[in-house]
Amino acid sequence: MLDRRQILTGLATTAVAGIISSKVWAAMSIKPDDASALLVIDVQNCFLPGGSLAVKEGDQVVPVINRIAKGFTNVVMTQDWHTEGHVSFASAHPGKKPFEIIDLPYGKQVLWPDHCVQGTDGALLSKDISIPQAELVIRKGFHKDVDSYSAFTEADGKTTTGLEAYLKARKLKRLFVAGLATDFCVAWTALDARKAGFETYVVEDACRGIDTQGSLAKAWADMAQAGVKRIQSADIAV
Ligand code: VGL
Ligand code: ZN
(Lines give C-alpha, C1' and ligand atoms only; values in the text may rest on other atoms or scores of the structure.)
(Ligands and ions follow the chains in the order given, each with its own letter.)
Protein backbone atom coordinates (compact mmCIF):
# COMPACT_ATOMS: atom_id res chain seq x y z
CA MET A 1 0.00 0.00 0.00
CA LEU A 2 1.10 3.58 -0.60
CA ASP A 3 2.61 5.37 2.35
CA ARG A 4 -0.04 8.02 2.92
CA ARG A 5 2.05 10.12 5.23
CA GLN A 6 4.84 10.44 2.69
CA ILE A 7 2.46 11.22 -0.12
CA LEU A 8 0.55 13.79 1.88
CA THR A 9 3.75 15.45 3.07
CA GLY A 10 4.92 15.58 -0.53
CA LEU A 11 1.65 17.08 -1.68
CA ALA A 12 1.68 19.69 1.04
CA THR A 13 5.19 20.83 0.19
CA THR A 14 4.35 21.15 -3.49
CA ALA A 15 1.19 23.04 -2.55
CA VAL A 16 -1.17 20.90 -4.59
CA ALA A 17 -3.01 19.45 -1.61
CA GLY A 18 -5.89 21.85 -2.23
CA ILE A 19 -6.60 20.56 -5.72
CA ILE A 20 -6.30 16.82 -5.07
CA SER A 21 -9.14 15.13 -6.92
CA SER A 22 -11.74 13.09 -5.09
CA LYS A 23 -10.70 10.09 -7.20
CA VAL A 24 -7.11 10.31 -6.04
CA TRP A 25 -8.27 10.82 -2.46
CA ALA A 26 -10.52 7.75 -2.66
CA ALA A 27 -7.61 5.67 -3.96
CA MET A 28 -5.47 6.75 -1.01
CA SER A 29 -8.01 6.26 1.73
CA ILE A 30 -8.28 2.93 3.49
CA LYS A 31 -11.43 0.94 2.83
CA PRO A 32 -12.31 -1.67 5.48
CA ASP A 33 -13.13 -4.97 3.77
CA ASP A 34 -14.63 -8.28 4.89
CA ALA A 35 -11.28 -9.27 6.41
CA SER A 36 -11.16 -6.09 8.52
CA ALA A 37 -12.39 -5.58 12.07
CA LEU A 38 -12.68 -2.54 14.28
CA LEU A 39 -11.60 -3.19 17.88
CA VAL A 40 -13.24 -0.71 20.26
CA ILE A 41 -11.24 -0.75 23.45
CA ASP A 42 -12.66 -0.02 26.90
CA VAL A 43 -15.05 2.85 26.19
CA GLN A 44 -16.46 2.49 29.70
CA ASN A 45 -17.86 4.96 32.21
CA CYS A 46 -14.85 4.71 34.55
CA PHE A 47 -12.58 6.02 31.78
CA LEU A 48 -14.89 8.88 30.77
CA PRO A 49 -15.08 12.34 32.41
CA GLY A 50 -16.42 11.92 35.96
CA GLY A 51 -15.22 8.30 36.12
CA SER A 52 -12.79 6.92 38.70
CA LEU A 53 -9.94 6.62 36.17
CA ALA A 54 -11.08 9.36 33.81
CA VAL A 55 -8.99 9.78 30.66
CA LYS A 56 -8.69 13.42 29.62
CA GLU A 57 -11.13 14.10 26.73
CA GLY A 58 -12.08 10.42 26.81
CA ASP A 59 -15.63 11.26 25.77
CA GLN A 60 -14.36 12.85 22.55
CA VAL A 61 -13.58 9.43 21.07
CA VAL A 62 -17.25 8.42 21.13
CA PRO A 63 -18.55 10.33 18.06
CA VAL A 64 -15.41 9.48 16.11
CA ILE A 65 -15.76 5.76 16.88
CA ASN A 66 -19.50 5.79 16.08
CA ARG A 67 -18.70 7.41 12.72
CA ILE A 68 -15.94 5.05 11.61
CA ALA A 69 -17.83 1.99 12.87
CA LYS A 70 -20.36 2.54 10.08
CA GLY A 71 -17.65 1.45 7.64
CA PHE A 72 -17.10 -1.94 9.35
CA THR A 73 -19.16 -5.09 9.15
CA ASN A 74 -16.99 -6.62 11.89
CA VAL A 75 -16.68 -4.87 15.23
CA VAL A 76 -15.38 -6.31 18.50
CA MET A 77 -15.52 -4.33 21.75
CA THR A 78 -13.58 -4.87 24.96
CA GLN A 79 -14.56 -4.26 28.55
CA ASP A 80 -12.11 -3.96 31.43
CA TRP A 81 -13.74 -6.22 34.01
CA HIS A 82 -11.96 -6.39 37.36
CA THR A 83 -12.77 -8.22 40.54
CA GLU A 84 -13.15 -6.26 43.74
CA GLY A 85 -9.74 -5.84 45.36
CA HIS A 86 -8.00 -6.48 42.02
CA VAL A 87 -4.18 -6.63 42.11
CA SER A 88 -3.96 -3.57 39.83
CA PHE A 89 -5.78 -1.38 42.36
CA ALA A 90 -3.62 0.77 44.65
CA SER A 91 -6.22 0.13 47.35
CA ALA A 92 -5.16 -3.54 47.38
CA HIS A 93 -1.62 -2.58 48.44
CA PRO A 94 -1.45 -0.89 51.85
CA GLY A 95 0.61 2.31 51.77
CA LYS A 96 0.60 2.55 47.96
CA LYS A 97 -1.00 5.31 45.93
CA PRO A 98 -2.50 5.34 42.43
CA PHE A 99 0.07 5.73 39.61
CA GLU A 100 2.90 4.26 41.70
CA ILE A 101 4.63 1.28 40.09
CA ILE A 102 5.24 -1.98 41.94
CA ASP A 103 6.84 -5.32 41.10
CA LEU A 104 4.51 -8.28 40.80
CA PRO A 105 5.44 -11.88 39.92
CA TYR A 106 4.72 -11.16 36.23
CA GLY A 107 6.56 -7.82 36.09
CA LYS A 108 6.01 -4.11 36.72
CA GLN A 109 2.48 -3.00 37.46
CA VAL A 110 1.17 0.56 37.51
CA LEU A 111 -1.31 0.89 40.37
CA TRP A 112 -4.66 2.45 39.53
CA PRO A 113 -7.61 3.86 41.38
CA ASP A 114 -10.34 1.22 41.73
CA HIS A 115 -12.06 1.04 38.32
CA CYS A 116 -14.27 -1.16 36.14
CA VAL A 117 -15.37 -3.47 38.93
CA GLN A 118 -17.60 -6.25 37.59
CA GLY A 119 -21.28 -5.39 37.75
CA THR A 120 -20.84 -1.70 38.62
CA ASP A 121 -22.10 1.25 36.56
CA GLY A 122 -18.50 2.36 36.07
CA ALA A 123 -17.76 -0.86 34.22
CA LEU A 124 -20.62 -0.38 31.72
CA LEU A 125 -19.80 0.48 28.13
CA SER A 126 -20.69 4.10 27.39
CA LYS A 127 -24.38 4.43 26.61
CA ASP A 128 -23.39 6.85 23.81
CA ILE A 129 -21.52 4.19 21.85
CA SER A 130 -23.85 3.23 19.05
CA ILE A 131 -22.58 0.18 17.15
CA PRO A 132 -25.48 -2.26 16.88
CA GLN A 133 -23.57 -4.63 14.58
CA ALA A 134 -20.81 -5.26 17.16
CA GLU A 135 -20.53 -9.02 17.33
CA LEU A 136 -18.42 -9.74 20.39
CA VAL A 137 -17.52 -8.12 23.71
CA ILE A 138 -14.32 -9.48 25.19
CA ARG A 139 -14.00 -8.97 28.93
CA LYS A 140 -10.52 -8.88 30.39
CA GLY A 141 -8.72 -8.34 33.67
CA PHE A 142 -11.09 -10.66 35.54
CA HIS A 143 -8.36 -12.76 37.14
CA LYS A 144 -7.83 -11.14 40.52
CA ASP A 145 -4.04 -11.53 40.54
CA VAL A 146 -3.27 -10.62 36.93
CA ASP A 147 -3.97 -7.41 35.01
CA SER A 148 -4.77 -7.42 31.30
CA TYR A 149 -4.32 -4.24 29.28
CA SER A 150 -4.21 -6.27 26.09
CA ALA A 151 -7.37 -7.71 24.59
CA PHE A 152 -5.29 -10.75 23.54
CA THR A 153 -2.96 -11.82 26.36
CA GLU A 154 -2.99 -11.09 30.08
CA ALA A 155 -0.06 -9.36 31.80
CA ASP A 156 1.47 -12.71 32.78
CA GLY A 157 2.36 -12.95 29.08
CA LYS A 158 0.70 -16.33 28.63
CA THR A 159 -2.97 -16.45 29.60
CA THR A 160 -5.04 -15.84 26.47
CA THR A 161 -8.42 -14.13 26.29
CA GLY A 162 -9.36 -16.21 23.24
CA LEU A 163 -9.51 -13.17 20.93
CA GLU A 164 -6.73 -14.29 18.58
CA ALA A 165 -8.40 -17.65 18.01
CA TYR A 166 -11.76 -15.94 17.46
CA LEU A 167 -10.42 -13.46 14.90
CA LYS A 168 -8.50 -16.16 13.06
CA ALA A 169 -11.50 -18.50 13.03
CA ARG A 170 -13.47 -15.64 11.48
CA LYS A 171 -10.67 -15.11 8.92
CA LEU A 172 -10.16 -11.51 9.98
CA LYS A 173 -6.74 -10.16 9.03
CA ARG A 174 -6.69 -6.35 9.35
CA LEU A 175 -7.43 -4.76 12.70
CA PHE A 176 -8.25 -1.13 13.37
CA VAL A 177 -7.87 -0.25 17.04
CA ALA A 178 -9.64 2.68 18.75
CA GLY A 179 -10.71 3.64 22.27
CA LEU A 180 -9.14 4.11 25.70
CA ALA A 181 -6.46 4.46 26.72
CA THR A 182 -3.95 4.97 23.89
CA ASP A 183 -0.91 4.23 26.06
CA PHE A 184 -2.31 1.21 27.91
CA CYS A 185 -5.07 -0.98 26.59
CA VAL A 186 -4.99 0.36 23.02
CA ALA A 187 -1.20 0.08 22.70
CA TRP A 188 -0.91 -3.34 24.36
CA THR A 189 -3.71 -4.65 22.18
CA ALA A 190 -2.10 -3.27 19.01
CA LEU A 191 1.31 -4.71 19.96
CA ASP A 192 -0.17 -8.15 20.60
CA ALA A 193 -2.12 -7.91 17.35
CA ARG A 194 1.18 -7.46 15.50
CA LYS A 195 2.71 -10.39 17.41
CA ALA A 196 -0.22 -12.53 16.28
CA GLY A 197 0.44 -11.51 12.67
CA PHE A 198 -2.47 -9.11 12.04
CA GLU A 199 -2.08 -6.01 9.89
CA THR A 200 -2.71 -3.40 12.57
CA TYR A 201 -3.83 0.22 12.47
CA VAL A 202 -4.35 2.54 15.43
CA VAL A 203 -6.78 5.37 14.72
CA GLU A 204 -5.16 8.20 16.65
CA ASP A 205 -8.05 10.67 16.88
CA ALA A 206 -10.36 7.82 17.96
CA CYS A 207 -8.16 7.29 21.06
CA ARG A 208 -7.08 9.30 24.08
CA GLY A 209 -4.21 8.55 26.47
CA ILE A 210 -3.60 8.60 30.21
CA ASP A 211 0.05 9.70 29.83
CA THR A 212 1.68 8.87 33.16
CA GLN A 213 5.48 8.87 33.47
CA GLY A 214 6.12 9.17 29.74
CA SER A 215 3.77 6.33 28.85
CA LEU A 216 2.18 7.98 25.80
CA ALA A 217 5.41 8.73 23.91
CA LYS A 218 6.75 5.28 24.78
CA ALA A 219 3.59 3.61 23.54
CA TRP A 220 3.76 5.35 20.14
CA ALA A 221 7.46 4.50 19.83
CA ASP A 222 6.85 0.83 20.68
CA MET A 223 3.94 0.66 18.25
CA ALA A 224 5.97 2.23 15.41
CA GLN A 225 8.78 -0.24 16.10
CA ALA A 226 6.33 -3.14 15.89
CA GLY A 227 4.92 -2.00 12.55
CA VAL A 228 1.60 -0.67 13.83
CA LYS A 229 0.24 1.87 11.35
CA ARG A 230 -0.80 5.20 12.89
CA ILE A 231 -3.72 6.70 11.01
CA GLN A 232 -6.49 9.28 11.51
CA SER A 233 -10.22 8.61 11.27
CA ALA A 234 -10.36 10.72 8.08
CA ASP A 235 -8.05 8.17 6.41
CA ILE A 236 -10.79 5.54 6.61
CA ALA A 237 -13.36 5.44 3.84
CA VAL A 238 -16.76 5.11 5.49
C1 VGL B 1 -6.74 0.72 31.23
C2 VGL B 1 -5.47 1.27 33.04
C3 VGL B 1 -6.06 0.29 33.78
C4 VGL B 1 -7.11 0.99 29.81
C5 VGL B 1 -7.35 -0.28 31.95
O6 VGL B 1 -8.24 0.66 29.40
O7 VGL B 1 -6.25 1.55 29.08
N8 VGL B 1 -5.80 1.48 31.77
N9 VGL B 1 -7.00 -0.48 33.23
ZN1 ZN C 1 -8.01 -1.91 34.38
Exercise. Report the label-to-label distance for Ala226 and Glu100 in nanometres (one decimal), using points 7 Å from each Cα along the Cα→Cβ vector.
Key: 2.9 nm
Quiz item: Residue-wise, which Karplus ³J(HN,Hα) couplings in Hz belong to the stretch 97-111, taking 6.51 cos²θ - 1.76 cosθ + 1.60, θ = phi - 60°, and x for glycine or proline?
Solution: 10, x, 6, 6, 10, 10, 9, 10, x, 9, x, 6, 9, 6, 8
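For the stretch 75-160, how big is the tail of P(r) above 22 Å, as a whole percent of Cα pairs?
Working: 1063 of 3655 pairs.
Cα-Cα pairs of the stretch 75-160 separated by over 22 Å account for 29 percent.
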Quiz item: Tell me, what is the per residue accessible area of the chain in Å², probe radius 1.4 Å?
Solution: 48 Å²
Practice problem: Over 29 Å, how big is the tail of the calculated P(r) for the chain, in percent of all Cα pairs? | Solution: 28 percent
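Report, in listed order, any pair from Lys108/Lys229; Lys108/Lys173; Lys70/Lys140; Lys108/Lys171 with a Cα-Cα distance greater than 29 Å. It would help to have the intermediate numbers written out before the result.
Details: Lys108/Lys229 27 Å; Lys108/Lys173 31 Å; Lys70/Lys140 25 Å; Lys108/Lys171 34 Å.
From the list (Lys108/Lys229; Lys108/Lys173; Lys70/Lys140; Lys108/Lys171), the Cα-Cα distance tops 29 Å for Lys108/Lys173; Lys108/Lys171.
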Exercise. Run the numbers on the stretch 79-118 and let me know its relative contact order in percent, using alpha-carbon pairs under 8 Å that are six or more apart.
Key: 46 percent
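When the dipole is taken about the Cα centre of the stretch 98-238, and only Lys, Arg (+1) and Asp, Glu (-1) are charged at their Cβ, what size is it in debye, to the nearest 20?
Details: 17 positive and 19 negative charges, 136 e Å.
Dipole about the Cα centre, nearest 20: 660 debye.
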Quiz item: Given a cut-off of under 8 Å on Cα pairs at least six residues apart, what relative contact order in percent is computed for the chain?
Solution: 23 percent
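Of the DSSP beta bridges with both residues in the chain, give the percent that are antiparallel, rounding to the nearest 5.
Details: 6 of 32 bridges.
If we restrict to bridges inside the chain, about 20 percent are antiparallel.
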Exercise. Within the set of other residues whose C-beta is less than 11 Å from the C-beta of Asp222, count the net charge using Lys and Arg as +1 and Asp and Glu as -1.
Key: +1
Quiz item: Using a 1.4 Å probe, how large is the accessible area of Arg208, given in Å² and rounded to the nearest 10?
Solution: 50 Å²
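The values are calculated or read from the model by the stated rules, or taken from the named source; none is laboratory data. Values in this document were obtained by computation on a predicted structure and should not be read as measured data. As a convention, Cβ positions derive from the backbone with ideal geometry for all residues, glycine included, and neighbour counts pool all protein chains shown. Accessible surface is based on the protein model in full, side chains and every heavy atom, while ligands, DNA and RNA are left aside. Shrake-Rupley method; radii C 1.70, N 1.55, O 1.52, S 1.80 Å.
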